[in-house]
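Participant: The structure's right below; bear with me while I get my questions together.
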Protein chains: 4
Amino acid sequence: MGDPFVLGANRYGKAAVRVFKVHGTGVGGVSDLTVRVACVGDFGPVHTNGDNTPLVATDTMKNTVYALAQERLGTEIERFGRVLAAHFLEFPSITGVEVEIEERPWTAVDGHSHAFVPAGAGAERRVARVTAGSFGDRIVAGIRALLVLKTSGSSFTGFDRDRFTTLPEAEDRLLSTAITADWRYHGHPDDYTEVWRAVRSTLVDRFAAQPSRSVQEQGYLMGSAVLASQPTIAEITIGMPNRHHLPVDLTRFGLDDQGVVFQPVDQPYGDIHLTVHRA
Amino acid sequence: MGDPFVLGANRYGKAAVRVFKVHGTGVGGVSDLTVRVACVGDFGPVHTNGDNTPLVATDTMKNTVYALAQERLGTEIERFGRVLAAHFLEFPSITGVEVEIEERPWTAVDGHSHAFVPAGAGAERRVARVTAGSFGDRIVAGIRALLVLKTSGSSFTGFDRDRFTTLPEAEDRLLSTAITADWRYHGHPDDYTEVWRAVRSTLVDRFAAQPSRSVQEQGYLMGSAVLASQPTIAEITIGMPNRHHLPVDLTRFGLDDQGVVFQPVDQPYGDIHLTVHRA
Amino acid sequence: MGDPFVLGANRYGKAAVRVFKVHGTGVGGVSDLTVRVACVGDFGPVHTNGDNTPLVATDTMKNTVYALAQERLGTEIERFGRVLAAHFLEFPSITGVEVEIEERPWTAVDGHSHAFVPAGAGAERRVARVTAGSFGDRIVAGIRALLVLKTSGSSFTGFDRDRFTTLPEAEDRLLSTAITADWRYHGHPDDYTEVWRAVRSTLVDRFAAQPSRSVQEQGYLMGSAVLASQPTIAEITIGMPNRHHLPVDLTRFGLDDQGVVFQPVDQPYGDIHLTVHRA
Amino acid sequence: MGDPFVLGANRYGKAAVRVFKVHGTGVGGVSDLTVRVACVGDFGPVHTNGDNTPLVATDTMKNTVYALAQERLGTEIERFGRVLAAHFLEFPSITGVEVEIEERPWTAVDGHSHAFVPAGAGAERRVARVTAGSFGDRIVAGIRALLVLKTSGSSFTGFDRDRFTTLPEAEDRLLSTAITADWRYHGHPDDYTEVWRAVRSTLVDRFAAQPSRSVQEQGYLMGSAVLASQPTIAEITIGMPNRHHLPVDLTRFGLDDQGVVFQPVDQPYGDIHLTVHRA
């Protein structure tokens, strides 16, 4: 009687490969990346028989990232992702590859071509996810931890109420979030970095300029504006946690409450995700 | 001409809702949970028209978790997840619910019925993910950060080599990992907590007892053993990051190297995932 | 005219040196340490003239930790700290050394001599700080993140009240903390590890068994009990953050409130520190 | 016979009090602070007798921070720290107060007076520590996580060598650090925020412009430049962890090594601290 259990989906690779490259001086002078490679393929016997013949060691994957970084890594992480994905697909046992790259952006210090400071605000990161082979050929770019807040221009009224509802309606509330966005390309832009910067600007600008009646509407307005301005992008997925700032009731202390003091809380948070795509 | 953009997939809810409940004294006396609720449904107009009529406020979701915790939360987080999912599905606008619960386990201090210390080792957590409605009715239980290591009983040889391969073959290496496991039930066990404990034991025991020729084989042996011992479980997905311990070459210092001193590194790590299911 | 600025206190060293050692099998079979070395001495010209002659490179300090770990590291981190401190004091330019060691404890899996799981609950760590030379010869041992909570046996009443006070008096409240403790030896115990275990037990036991009227009183009772039972300890400093569990008012939802559901919050927290020493 | 144990140093307060204030629009429009209050005083009986009469509850301290924030919090956190310290010193039982404030800086989005993005790069924070009463009257301002790196202009040669030294000499290396700086005022500047910005600029500029022969020399040059330009500052303490970027040896893969690819590592790191004061 055979083994009644079956190996299902499996993938493996190397994660958290940190690579730093000096391209030159001034703006775009350095790259600071964390790379993750994941592969699928004919690895059944590795699991079930301890046969490592088809296996590319994850240590080899790490070495490959460093080796290819010297010749092939420029400022567009999307293109480096494609280089890596194509490389690993050449192994006969590997049928699909996903490469994720996270970049910590740096910019040259004014007037000092060899010195750099972080370019992004907060813990902001640029990301890219490139797939090839059985995963499909896709390039998804994105941003993490894009912090924005506004003290006006956000309302939240007219929502459903039941016996557990205590939230008052708000005609104008403080809205704070840390935007996550991922956009999929259906064309190849001339310069992924330029598009990335433009998307970032659009997200911040639409958050700032457009009043909204919910986080959902705010996100939809932002996503639509990105699609409207970027023809090479097919769809965009946005995550906008509602990072609550609780009003502090100062009347408890016999004070006049001017509505200007808040308690920011990390937990819990509203957790809103949406995708906008072309018709 | 209409809007050329379309709202795609969207979901929203409340995340990081922390709830602590005192059931009584002794073992199982307290629950310490972090709950995440995500809902899908007829929320198009919320995004595109700013019409909040169908929207259940995430603040209401938070309140609901606390309200239902008093009456319905016992020691089985899977059952509490079902209670919450069923509750939110009653709203006409909500068509699908996913509830994720993470438990920090506590155990009574010996001889002190009202005092408790963490039950798990390290940062270990028990988790459950319950879906209902359009997501399908599923119960997935799991564990996070189950740390194990062994100083013998793991080899890694015979893998593919190319010009970027520098890793030596290892007949017996130190293997350290932080197991993530998620198992889906196809039946309803009498006591989810008992099954959870048994699965945890099997994972640790098989890691310790079974020699392996790769992390993949180790994981497959562990997953198969879980299915073999737990008839209510349909499949199990295991993540086993290879947390490398680099041998330190003491011969550089003119010392005899006994092979007992290592440098643990967090980055990079081998990233291995696999599923085992029934035939 | 000379430079009007003066170099003041300075120190340097290597931090976050991670070292793992396999001693053997079973209990006490492995050590998993993070070491920090800090040195002071005659390093003025290093700062003011760029003269590195007296400087021991921090890379050398790292290598030294690994080299000495093979021969000199046993299960007592206090003794290894003394070995390291004595070694660095031999350099003529170094006049004072402080070595801090943090241990993640592991224990053998029952019945599997080569397999290990974390010994401590939560993120608990054993620590030691050893100083020599101009810092004075001291051995301070300690513990970090010793999580305990009790659902009864803690009151807080009779405190000072002013116009900003809203906290109600509590005859019996839930008390949760993550104990930090550091104790200084004035003698050399036969086995530092045995004393460490005994102190840990005393802290947990006194927290559990002794009712208290404030976190301060709880800490004082615990510290006194440690001194009473450990003659080699001269003084102990305890930090006990009050990790608040806010009662959730369920009467807002029309429910009978049984007082069993709480919202744990990480921020803010009461921050209590005290030292107990011998008369 | 009396109790042979004695209460030593003790302090208590509230930590991680998060307060957000809307001042208005545009630059300086919002404050985002985390406040920590620590008090010492006549609290012996609180510990030893459970007598809470002299105790100001930490919950009251939290309320006070919010209450005073409305009227007294402007853009200078140093002045708000003084307001808080003076307030708590008025309690007869409190003899010394230390207030620590950490600010996450925000700046208005160009052209949008109510919308804000983080002002600092990375996880940078502005901090202040104000003491009063028995702690002495002091104002110390500072910065955390000021990330800078340079790809040239840093050498490290001529250091001491022993049998454990393997580090090669470096005529020109990559230098990366996350600056911590704390400066003590001996005068009261017209505008603490302006001085803070000027000190930040000086630190970055001197790091970028001045070549150095060690992290120590780099720090001394930076600290001296701050004192030279800011007459109200008495002394400055700088922490400069050496965040190593390891060269990756590409010749192992048969490649020409151009010296441009590095592996950044978080652990271990060189840990350098120094103070510069006036003669």
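The values are calculated or read from the model by the stated rules, or taken from the named source; none is laboratory data. Computed from a predicted structure; not experimentally measured. Counting neighbours? That spans all protein chains shown, and the Cβs are built from the backbone with ideal geometry, glycine included.
Participant: Can you pull out the residues in the stretch C:200-231 that are within 22 Å of residue B:119 (Cβ to Cβ) and β-branched (Val, Ile, Thr)?
Facilitator: Those that are within 22 Å of residue B:119 (Cβ to Cβ) and β-branched (Val, Ile, Thr): C:202, C:204.
Participant: If you don't mind, another one. Among the listed residues A:153, A:187, which satisfies the condition of being surrounded by fewer than 22 Cβ atoms within 10 Å (Cβ to Cβ) and in contact with an Asp or Glu (Cβ under 9 Å, 6 or more places away or on another chain)?
Facilitator: After ruling out the rest, the residue left standing is A:153.
Participant: Go through the stretch B:232-279 and report how many residues are on the phi < 0 side of the Ramachandran plot and out of contact with any Gly (no Cβ under 7 Å at 6 or more places or on another chain).
Facilitator: Number satisfying all stated conditions: 31.
Participant: Check off (1) within 17 Å of residue D:266 (Cβ to Cβ); (2) of a type outside the set (Ser, Thr, Tyr); (3) surrounded by fewer than 20 Cβ atoms within 10 Å (Cβ to Cβ) for residue C:19 and give me the number that stays unchecked.
Facilitator: Among (1) within 17 Å of residue D:266 (Cβ to Cβ); (2) of a type outside the set (Ser, Thr, Tyr); (3) surrounded by fewer than 20 Cβ atoms within 10 Å (Cβ to Cβ), residue C:19 violates only (3).
Participant: Select from the stretch B:183-199 the residues that are over 13 Å from residue B:128 (Cβ atoms) and at pLDDT 95 or above and list them in ascending order.
Facilitator: Hits for the stretch B:183-199 are B:186, B:190, B:191, B:194, B:197, B:198.
Participant: Consider residue A:185 against the criteria (1) over 15 Å from the mean Cα position of the chain (by Cα); (2) more than 14 Å from chain D (Cβ to nearest Cβ): it satisfies all of them except one. Which criterion is unmet?
Facilitator: For residue A:185, the exception is condition (1).
Participant: Condition first: farther than 15 Å from residue A:91 by Cα and either in contact with a Pro (Cβ under 7 Å, 6 or more places away or on another chain) or facing chain B (nearest Cβ under 7 Å) (or both). Now tell me which residues in the stretch A:12-31 satisfy that.
Facilitator: A:14, A:15, A:16, A:17, A:18, A:20
Participant: Would you confirm whether any residue within the stretch C:237-246 is closer than 29 Å to residue D:37 by Cα, buried (at least 19 other Cβ atoms within 10 Å of the Cβ), more than 10 Å from chain B (Cβ to nearest Cβ) and of a type in the set (D, E, K, R)?
Facilitator: no
Participant: Under 7 Å between Cβ atoms, at least 6 apart or on separate chains: pull out the pairs that start in the stretch D:255-279 with a residue that is away from chain C (no Cβ under 14 Å) and over 19 Å from residue D:180 (Cα atoms) and end on any residue that is of a type in the set (D, E, K, R) and surrounded by fewer than 19 Cβ atoms within 10 Å (Cβ to Cβ).
Facilitator: Here the result reads D:257/D:249, each pair linking the stretch D:255-279 to a residue that is of a type in the set (D, E, K, R) and surrounded by fewer than 19 Cβ atoms within 10 Å (Cβ to Cβ).
Participant: Working carefully through the options B:109, B:130, find the one that is within 17 Å of the chain's Cα centre (by Cα) and under 25 Å from residue B:197 (Cβ atoms).
Facilitator: Going through B:109, B:130 in turn, the sole match is B:130.
Participant: Against the condition touching a Ser or Thr at 6+ places or on another chain (Cβ under 9 Å), surrounded by 18 or more Cβ atoms within 10 Å (Cβ to Cβ) and within 14 Å of chain B (Cβ to nearest Cβ), how does residue C:218 come out, does it pass?
Facilitator: Considered against the rule, which asks whether it is touching a Ser or Thr at 6+ places or on another chain (Cβ under 9 Å), surrounded by 18 or more Cβ atoms within 10 Å (Cβ to Cβ) and within 14 Å of chain B (Cβ to nearest Cβ), residue C:218 comes out as yes.
Participant: Same structure, new question: Quick check on my filter: what residues within the stretch B:158-207 are over 23 Å from residue B:231 (Cβ atoms), charged (D, E, K, R) and assigned to a loop (DSSP other than H, G, I, E, B)?
Facilitator: Within the stretch B:158-207, B:161, B:162, B:163, B:169, B:171, B:172, B:173 qualify.
Participant: Test residue B:79 against the criterion of being touching a residue at least 24 places away in the same chain (Cβ under 8 Å), facing another protein chain (nearest Cβ under 8 Å) and either of a type outside the set (Ser, Thr, Tyr) or surrounded by fewer than 18 Cβ atoms within 10 Å (Cβ to Cβ) (or both), and give yes or no.
Facilitator: Taking the combined requirement at face value, the residue does not satisfy it.
Participant: Restricting attention to the stretch C:105-125, which residues are assigned to a strand (DSSP E or B), touching a Lys or Arg at 6+ places or on another chain (Cβ under 9 Å) and hydrophobic (A, V, I, L, M, F, W, C)?
Facilitator: Correct list: C:109, C:115, C:116.
Okay, residues lined up against (1) within 13 Å of residue B:47 (Cα to Cα); (2) touching a Lys or Arg at 6+ places or on another chain (Cβ under 6 Å):
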| residue | (1), (2) |
| --- | --- |
| A:188 | no, no |
| A:191 | no, no |
| A:194 | no, no |
| A:200 | no, no |
| A:204 | no, no |
| A:217 | yes, no |
| A:222 | yes, yes |
| A:230 | no, no |
| A:239 | no, no |
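Participant: Also: Among the residues of the stretch D:222-236, write down those that are in contact with a strand residue (DSSP E or B) (Cβ under 8 Å, 6 or more places away or on another chain), more than 7 Å from every other protein chain (Cβ to nearest Cβ) and either crowded, with 20+ Cβ neighbours inside 10 Å or not aliphatic (A, V, I, L, M) (or both).
Facilitator: D:222, D:223, D:226, D:230, D:232, D:233, D:236
Participant: Also, quick follow-up: Go through the residues of the stretch D:77-90 one by one and say whether even a single one is in contact with a helix residue (DSSP H, G or I) (Cβ under 7 Å, 6 or more places away or on another chain), assigned to a helix (DSSP H, G or I), closer than 24 Å to residue D:184 by Cβ and of a type in the set (Asp, Glu).
Facilitator: yes
Okay, residues lined up against (1) of a type in the set (A, V, I, L, M, F, W, C); (2) surrounded by fewer than 20 Cβ atoms within 10 Å (Cβ to Cβ); (3) over 29 Å from residue C:116 (Cβ atoms):
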{"residue": "B:85", "(1), (2), (3)": "yes, no, yes"}
{"residue": "B:100", "(1), (2), (3)": "no, no, yes"}
{"residue": "B:132", "(1), (2), (3)": "yes, no, yes"}
{"residue": "B:160", "(1), (2), (3)": "no, yes, yes"}
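Participant: Name the residues in the stretch D:53-71 that are part of a loop (DSSP other than H, G, I, E, B) and either acidic (Asp, Glu) or surrounded by 22 or more Cβ atoms within 10 Å (Cβ to Cβ) (or both), would you?
Facilitator: D:55, D:57
Participant: Okay, moving on. If residue D:112 meets every condition in (1) in contact with a Ser or Thr (Cβ under 6 Å, 6 or more places away or on another chain); (2) at pLDDT below 95 apart from one, which number is that one?
Facilitator: (1)
Participant: Considering only residues that are within 14 Å of chain C (Cβ to nearest Cβ) and not aliphatic (A, V, I, L, M), which ones fall in the stretch B:127-145?
Facilitator: B:144
Participant: Suppose we filter the stretch B:190-202 for residues that are within 11 Å of another protein chain (Cβ to nearest Cβ) and buried (at least 19 other Cβ atoms within 10 Å of the Cβ); how many remain?
Facilitator: Number satisfying all stated conditions: 0.
Participant: How many residues does the stretch C:53-68 hold that are in contact (Cβ under 8 Å) with a residue 24 or more places away in the chain and more than 7 Å from every other protein chain (Cβ to nearest Cβ)?
Facilitator: Count: 2.
Participant: Right, next: Any idea which of (1) in a loop (DSSP other than H, G, I, E, B); (2) within 7 Å of another protein chain (Cβ to nearest Cβ) is the one residue B:74 doesn't satisfy?
Facilitator: In the conditions (1) in a loop (DSSP other than H, G, I, E, B); (2) within 7 Å of another protein chain (Cβ to nearest Cβ), residue B:74 misses (2) alone.
Participant: Continuing with the same structure: Restricting the first residue to the stretch B:123-144 and requiring it to be acidic (Asp, Glu), which pairs with a second residue that is not in a strand (DSSP E or B) meet a Cβ separation below 8 Å and a spacing of at least six or different chains?
Facilitator: What qualifies is B:124/B:105.
Participant: Does residue D:95 qualify as being touching a strand residue (DSSP E or B) at 6+ places or on another chain (Cβ under 8 Å) and free of Cβ contacts under 8 Å to residues at least 60 places away in the same chain?
Facilitator: yes
Participant: Something else now. Name the residue that is nearest to the other protein chains (Cβ to nearest Cβ), counting only residues in the stretch D:39-52 that are buried (at least 22 other Cβ atoms within 10 Å of the Cβ) and in contact (Cβ under 8 Å) with a residue 40 or more places away in the chain.
Facilitator: Going through the qualifying residues, I end up with D:47.
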